[in-house]
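Q: My structure is below; once you've seen it, I'll send some questions.
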Amino acid sequence: MAMRPGNEPPADSFERLIRELERLPGIGRRSAERIAYHLLSASSEEAMALAVAIRDVKKNLHPCADCGDLTEAEHCAICSDGARDPSVLCVVEWPREVRAIEKSGVFRGRYHVLMGRISPINGVEPEDLRIGELLTRARAGEVKEVVLACSPTVEGDATASFLTGQLRGLPSPVKVTRLARGLPEGSDLSFAQAGTIGEALKGRRETP
Ligand SMILES: [Zn+2]
């Protein structure tokens, strides 16, 4: 199949599908072609099931009114679960990290999703994150401890330091803890093994 110059969408729908697949994480040109040929030979029902699943996820999922995790209801299953401890909040960068921590089975509190981390180089400032919402929740009185589970990266550390300062400045400060060391550095929390995340949670310490 001939490559087309420039970035304009190819008129050829098969090439367009390959280009779209190639944009997915971890999918190179060869994998994209393999998937495209698979979808081409699959039944219409099978291929459309994938298209419909993508459409439904984009249409139905939105941030939970409390924690910001993605849900189809107004409040996510964790925030609605009366058995979860409302006095401990675990702060993560992305919804995928909620899933990673849940897999460890260690945490019984609730979450707060920032939707990123402070990164001036990428134009992400504190006001672009759900920090105001976090402070509102921490101020409401029910929260006794905030666990900062920011990614083990330079930007994650900077975000955690900023949040510590903000939380300490509240009229009735809450206990602020951070995960124990031991998570693979420079990666996203969701890449760590569930067991490693569980140990880091159990070993969490109050921030200095
Ligand atoms: Zn929620």
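Q: Within segment 7-73, considering only helices (runs of 4 or more DSSP H) that don't extend past its boundaries, which have at least 2 residues that are surrounded by 14 or more Cβ atoms within 10 Å (Cβ to Cβ) and within 16 Å of the ligand (Cβ to nearest atom)?
A: none
Q: Only residues that are modelled with pLDDT under 80 and either closer than 24 Å to Asp128 by Cα or in contact with a helix residue (DSSP H, G or I) (Cβ under 8 Å, 6 or more places away or on another chain) (or both): list them for segment 162-188, please.
A: Arg181, Gly182, Leu183, Pro184, Gly186, Ser187, Asp188
Q: Something else now. Out of Arg117, Arg108, I need the residue that is out of contact with any helix residue (DSSP H, G or I) (no Cβ under 7 Å at 6 or more places or on another chain) and either not in a helix (DSSP H, G or I) or not charged (D, E, K, R) (or both). Which one?
A: None of the others qualify; the one that does is Arg108.
Q: If you check Leu39, Leu61, Leu50, Leu70, which single one turns out to be touching a Pro at 6+ places or on another chain (Cβ under 6 Å) and of a type in the set (A, V, I, L, M)?
A: On the way: Leu39 fails: touching a Pro at 6+ places or on another chain (Cβ under 6 Å); Leu61 fails: touching a Pro at 6+ places or on another chain (Cβ under 6 Å); Leu50 fails: touching a Pro at 6+ places or on another chain (Cβ under 6 Å).
On inspection, the qualifying residue turns out to be Leu70.
Q: Considering (1) surrounded by 14 or more Cβ atoms within 10 Å (Cβ to Cβ); (2) polar (S, T, N, Q); (3) without any contact (Cβ under 8 Å) to a residue 60 or more places away in the chain, say which one Thr159 fails and leave the rest.
A: (3)
Q: Can you name the residue in segment 130-145 that is hydrophobic (A, V, I, L, M, F, W, C) and part of a helix (DSSP H, G or I) and, of all such residues, is modelled with the lowest pLDDT?
A: Ala138
Q: Let me ask you something else. For Glu155, indicate whether it is acidic (Asp, Glu), touching a Ser or Thr at 6+ places or on another chain (Cβ under 8 Å) and closer than 22 Å to Ala65 by Cα.
A: no
Q: In addition: Going through segment 163-186 one residue at a time, which ones are part of a helix (DSSP H, G or I) and over 19 Å from the mean Cα position of the chain (by Cα)?
A: Thr164, Gly165, Gln166, Leu167, Arg168
Q: Any idea which of Ile101, Ile131, Ile121 is in the same structural domain as Leu167 (by TED's automatic domain parsing), free of Cβ contacts under 8 Å to residues at least 24 places away in the same chain and either within 20 Å of Pro171 (Cβ to Cβ) or hydrophobic (A, V, I, L, M, F, W, C) (or both)?
A: None of the others qualify; the one that does is Ile121.
Q: Kindly indicate whether Glu145 is in contact (Cβ under 8 Å) with a residue 40 or more places away in the chain and surrounded by 15 or more Cβ atoms within 10 Å (Cβ to Cβ).
A: On the way: in contact (Cβ under 8 Å) with a residue 40 or more places away in the chain: yes; surrounded by 15 or more Cβ atoms within 10 Å (Cβ to Cβ): yes.
The answer is yes for Glu145.
Q: Taking Arg96, is it exposed (fewer than 14 other Cβ atoms within 10 Å of the Cβ), more than 9 Å from the ligand (Cβ to nearest atom) and under 18 Å from Ala149 (Cα atoms)?
A: no
Q: Now a separate question. Only one of (1) within 23 Å of Phe191 (Cβ to Cβ); (2) assigned to a loop (DSSP other than H, G, I, E, B); (3) within 14 Å of the ligand (Cβ to nearest atom) is not met by Gly82, so which one is it?
A: With respect to (1) within 23 Å of Phe191 (Cβ to Cβ); (2) assigned to a loop (DSSP other than H, G, I, E, B); (3) within 14 Å of the ligand (Cβ to nearest atom), Gly82 is out only on (1).
Q: Could you tell me which residue of segment 189-208 is nearest to Leu148 (Cα to Cα), considering only residues that are modelled with pLDDT under 90 and assigned to a loop (DSSP other than H, G, I, E, B)?
A: Among them, the one singled out is Thr207.
The values are calculated or read from the model by the stated rules, or taken from the named source; none is laboratory data. A quick note: this is a predicted structure, and the numbers were derived from the prediction, not measured. For neighbour counting, all protein chains shown are included, and Cβ atoms are generated from backbone atoms with ideal geometry for every residue, glycine included.
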